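> Okay, here's the structure, questions in a sec.
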There are 2 protein chains.
Amino acid sequence: MEAKQAALAHAEELLTCDGVTLAPEASVEGRARTLGVLSEMEYEIAASPEAQRLLEELEEHSDELDEQVRREVKVLRRETAKILKIPAEEYMQYSMLVSEASDVWIRAKNSNDYALFAPYLEKIVAANRRMAALWNPNEEPYNVLLDNFEEGLTTEACDGFFRTVRSEIVPLLEKIKEIRAPHEAFALRAYDLAGQEKLAHALMDLEGIDAKRCVLGTTEHPFTSGFNNKDVRITTHYHENSFLSSVYSVLHEGGHAIYEMNGDDRFNYTCLYGGASMSIHESQSRFYENIIGRSRAFSGPMLKVCREIFPEQLRDVTEDQFYREINIAEPSLIRTEADELTYSLHVMVRYEIEKQLIAGSLSVAEVPAVWNNLYEEYLGIRPQNDREGCLQDSHWSGGMLGYFPSYALGSAYGAQMLARMEEQVEHVWESVADGDLEPVTAWLKENIHQYSALYPPMELLERVCGKFDPSYYTNYLKAKFTELYHL
Amino acid sequence: MEAKQAALAHAEELLTCDGVTLAPEASVEGRARTLGVLSEMEYEIAASPEAQRLLEELEEHSDELDEQVRREVKVLRRETAKILKIPAEEYMQYSMLVSEASDVWIRAKNSNDYALFAPYLEKIVAANRRMAALWNPNEEPYNVLLDNFEEGLTTEACDGFFRTVRSEIVPLLEKIKEIRAPHEAFALRAYDLAGQEKLAHALMDLEGIDAKRCVLGTTEHPFTSGFNNKDVRITTHYHENSFLSSVYSVLHEGGHAIYEMNGDDRFNYTCLYGGASMSIHESQSRFYENIIGRSRAFSGPMLKVCREIFPEQLRDVTEDQFYREINIAEPSLIRTEADELTYSLHVMVRYEIEKQLIAGSLSVAEVPAVWNNLYEEYLGIRPQNDREGCLQDSHWSGGMLGYFPSYALGSAYGAQMLARMEEQVEHVWESVADGDLEPVTAWLKENIHQYSALYPPMELLERVCGKFDPSYYTNYLKAKFTELYHL
């Protein structure tokens, strides 16, 4: 059963990955159809009486199982229980819907045409509400969706977390906004795309990514797709006038890839492959992107690698200038391009909207206006069009409602992990300053990566660095940006 | 049943295609595993009592079915009968074996190490003999394998066909060899790889390929992979000092792609998608590559497109020089680079070897020596290493024993189709000379492409241009090369 599910998951991931990278434009229909049929097959496997009987039996003898099998049974029970509550026909329809919607979203974004995407979002929201009610009729639907991505996460917990973050970050941002630090000249220069691709590979190297197990592609919206710990794909996008966009996409997706590649072999082809949860995954990607990638220590090695490929553009740049530029904090419109400080506020906009969409207190038609209003409220800046507004992210088109909070939680987890890492790894920042991430990655592998989904996310976090405490995150940000901006 | 098979086939094709284009090196094991499980699932679907009962029932009411469904039932019966005769375990093992062998073959070829590949070939030959005996214990195993790719094809028929070809072509080649036409200077110049990639896209355009439905990739050994008529992939390879190699790979694979894209929508996601047989497929790819692509009429448009991208290298070349260069006939070592005249002789080497391997009269260890001897015998030239010898083709590593004859048959079918096309399409060569392949493709679509596998190959050929007669082919070659070499 698990082997078949793993094989189907591998095929589905590759079809999806291919769909947004290489596949010809007209391939949409055939891919949607195939994904629909494969997910129907997944359903049938999970729903089969034999599979259910087997899982029940294993669960009954849970204490005789080793730790890994016990956890596999638990995860499979949780997953199949979810699947079994959705009628087969609806499950297949939904899979085809999100496949089509993903392609429509790309067109809608490119043509700044929210109306094109709206009917699909409508259907996706409705389907998610229906599914949430089927999964757990006694719970608020949005809580059910949050739990879907992060076991045990609730609206209440998110509200509390975001309240804390907001109360600490908004005042900090207010002060910084007054300073209005100018961009460094180098950031605005032209960087040819062929060079940027070369740089992307050099950065993967610097990050310690094994090219035999991970390849790089190009796509609209960067992502990571891992099939097993020896076959991971990351993607980036190139814009001539903002080379740092690709640089940090590569570090971010590279963080996801390292996590997947460092999982133990024993989790390959099982339901435990791929990581503990979305938040833990984001904690790793953002660890490499921000905590390491935007640190003062790593600015030296980063600048060196960038300068090897773009000597002209970066001739006159100092490490301090580089460090300041990659940490300019300012209100902006695009989440994936947001700086480390304001990032959570972008997430909060999406969180508020999807919470209301699912609650039914906001209609799909109202999304663009509410989006723009919330950007004004939280960030003090207003999108001029939906392409830079509510059409910018792929998540909703892929049916991922309840996912966004994990981005912000991931950053917070990462800061808490860092505190423990600094206690346990001697001279860690000296190594980073030498461009050697081996001690960092070894610690993350030892404490997090190797376990894949063997432990539930909160349990894993507690094992590594104690109970979740968002003040590690806010303290980290306050310290970093107070020093950077001489506040 | 058919929907599931189509979805699994789509996934398997994409996994395989990805494996030889983009996938990271270490991904071999995971892909082999997934392909093994998926093919086990295909087996289970085909072998299920319900599926068998359904097919039997449909067959009993065959006269009530429309032409397409009747044919689908027949093809599925043929295919599932074959599958059912192989034990599930062996079927899965074989699928994993060829997946691994394909990757080993690439390494063996790159390192010119036949010994690395030999154990895999050994297993593949043994498995094919076992499967042939299971499929039809009353038939010579090699006949069974031939029939596998081309319904009704026999060793006797192949022996006869090759005898004819040989008796006509070898004397022609003997005469031409004495002339020893020199290569044109332009063919040996350096053509940068980026320009060659641009040229590949321009040639796809000239060939009339819809870029919305077909994309181009890069690989060691060019191939075409079609998932449905709106999603086809072709690949090529680039060598700086032989740009014509990629040029004709693109025309060849483009021919396969046009065939698949011109199939009726109604055959998508059915067992009839993809073409009537391997030989008919090759007749189309070689039609575009040779009959059109190496014609005097098309030399003008070809040279024009090539010169737009490589003006320096092709400045001083006339259409006649171009035509002569693309038709230089001479003994050579690499089948895929062979000229139109000698091509069948390359195929004959492989045919003789695999016939004997399957018969058991030749051991895997003897293959390199026999290969080299046969090249000397048929072509008068001897490979200096296995990389240029028996390791050059991917087919055996992919388990395709009994496939090679279809290449030569395809050329012969194409020549016979051409004769009919010339009768039916007015001014066809004038259009080709204008760079307009629309009349050619429209005729092929009308007569061949649209039908996919609705008719068995021989029946399709007869409908189009009467009973198969190899003299069309030999006459075509004699006329073309006698004129070219003023014999």
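> Quick one: angle between helix B:193-207 and the longest Cα principal axis of chain B, in degrees between 0 and 90, rounded to 10, please.
80 degrees
> Then there's this: Find how many whole Å separate the alpha carbon centroid of region A:1-67 from the alpha carbon centroid of region B:109-177.
Cα centres, region B:109-177 to region A:1-67: 39 Å.
> To make sure I understand the rule: partners must be lysines, Cα under 17 Å from the Cα of B:Lys4, and not fewer than 8 residues away in the same chain. Which ones qualify?
A:Lys4
> Further question: For A:Glu25 paired with B:Gln68, estimate the spin-label separation in nm (one decimal), with each label point 7 Å from Cα along the Cα-to-Cβ line.
If labels sit at A:Glu25 and B:Gln68, their model points lie 2.6 nm apart.
> Tell me the Kirkwood hydrodynamic radius of chain A in angstroms, computed as one over the mean inverse distance between distinct C-alpha pairs.
23.3 Å
> Express in whole angstrom the spacing between the alpha-carbon centres of region B:345-420 and region B:190-232.
When both Cα centres are located, 27 Å separates them.
> Hey, got the average number of other protein chain Cβ atoms within 10 angstrom for residues in A:226-235?
Neighbouring Cβ atoms belonging to other protein chains average 5 per residue here.
> Another question, if that's okay. Based on Cβ point charges of +1 for Lys and Arg and -1 for Asp and Glu, what charge dipole magnitude is obtained for region B:156-484 about its Cα centre, in debye rounded to the nearest 20?
Charge dipole, region B:156-484, about its Cα centre: 280 debye, nearest 20.
> Hey, got the average number of other protein chain Cβ atoms within 10 angstrom for residues in B:30-38?
Mean partner-chain Cβ count within 10 Å for B:30-38: 6.
> In nanometres, what is the gap between the two model label sites at A:Asn136 and B:Ser361, each 7 Å from Cα along Cα-to-Cβ?
The modelled label-to-label distance comes out at 7.3 nm.
> Separate question: Taking all pairs of different Cα atoms in region B:196-292, averaging 1/r and flipping that mean, what Kirkwood radius in angstroms comes out?
Over region B:196-292, the inverse of the mean reciprocal pair distance is 13.3 Å.
> Where Lys and Arg each count +1 and Asp and Glu each count -1, what net charge lies around A:Gly226 among other residues with Cβ under 10 Å from its Cβ?
Computed value for this residue: 0.
> Right, here's the next one. Closest beta-carbon to the A-to-B rotation axis: which chain A residue owns it, and what is the separation in whole Å?
A:Ala11, 2
> Now for a separate question. Once the label point is placed 7 Å from Cα along Cβ, list for A:Glu377 the distances to the corresponding points in the other copies, in nm, shortest first.
Those separations, rounded to one decimal, come out as 8.5 nm.
> 7 Å along Cα→Cβ for the label point: how many nanometres lie between A:Leu65 and each equivalent label in the other copies, listed shortest first?
Copy-to-copy label distances at A:Leu65, shortest first: 4.4 nm.
> Take the Cβ-Cβ distance between A:His183 and B:Ala190 as r, set R0 to 25 Å, and report the resulting FRET efficiency rounded to the nearest 0.05.
Efficiency at R0 = 25 Å is approximately 0.05.
> Something else now. 5 Å is the cut-off here: which amide hydrogens, built 1.01 Å from N in the peptide plane, fall below it relative to A:Thr218, excluding neighbours closer than 5 in sequence?
When sequence neighbours closer than 5 places are left aside, the close amide H contacts are A:Thr236.
> Hey, another quick one. Can you tell me the orientation of helix A:67-84 relative to chain A, as the angle in degrees between its alpha-carbon axis and the longest Cα principal axis, to the nearest 10?
Relative to chain A, helix A:67-84 is tipped by roughly 70 degrees.
> If I histogram all Cα-Cα distances within the protein assembly as shown using bins 20 Å wide from 0, what percent of pairs lands in each bin?
That works out to 12, 41, 33, 14, 1, in percent per bin.
> Wrap a convex hull around the Cα atoms of region B:70-212, take a quarter of its surface area, and give that in square nanometres.
Averaged projected hull area, Cα only: 15.5 nm².
> When Lys and Arg each count +1 and Asp and Glu each count -1, what net charge do the other residues less than 10 Å away from A:Tyr238, Cβ to Cβ, add up to?
-3
> Taking a quarter of the surface of the Cα convex hull of region A:163-209, what do you get in nm²?
Orientation-averaged projected area of the Cα hull: 6.0 nm².
> Moving to a separate point now. Provide the net charge surrounding A:Lys445, with neighbours chosen by a C-beta distance below 11 Å and charges set as Lys +1, Arg +1, Asp -1, Glu -1.
It works out to a net charge of -3.
> Let me ask something additional. Could you state the angle between the C-alpha long axis of helix A:243-261 and the longest principal axis of the C-alpha atoms of chain A, as a value from 0 to 90 degrees rounded to the nearest 10?
With both axes taken from Cα atoms, the answer is about 40 degrees.
> Put a point 7 Å out from Cα along the line to Cβ at A:Leu134; what are the distances to that point in the other copies, in nm, shortest first?
3.9
> Let me ask something else about it. Mean residue ellipticity at 222 nm from the helices of chain A, using -39,500 (n - 2.57) per DSSP H segment of n ≥ 4 over the full residue count, to the nearest 500 deg cm²/dmol?
After summing the helix terms and dividing by the residues of chain A, the value is -20000 deg cm²/dmol.
> When the C-alpha atoms of region B:2-137 are aligned to their principal axes, what extent does each axis show, in angstrom, from largest down?
Answer, in whole Å and largest first: 58, 35, 24 Å.
No value in this document is a laboratory result; all are computed from the given coordinates. Everything numeric in this text was worked out from a predicted model, so none of it was measured. Virtual Cβ from ideal backbone geometry, glycine too; neighbours counted across all protein chains shown.
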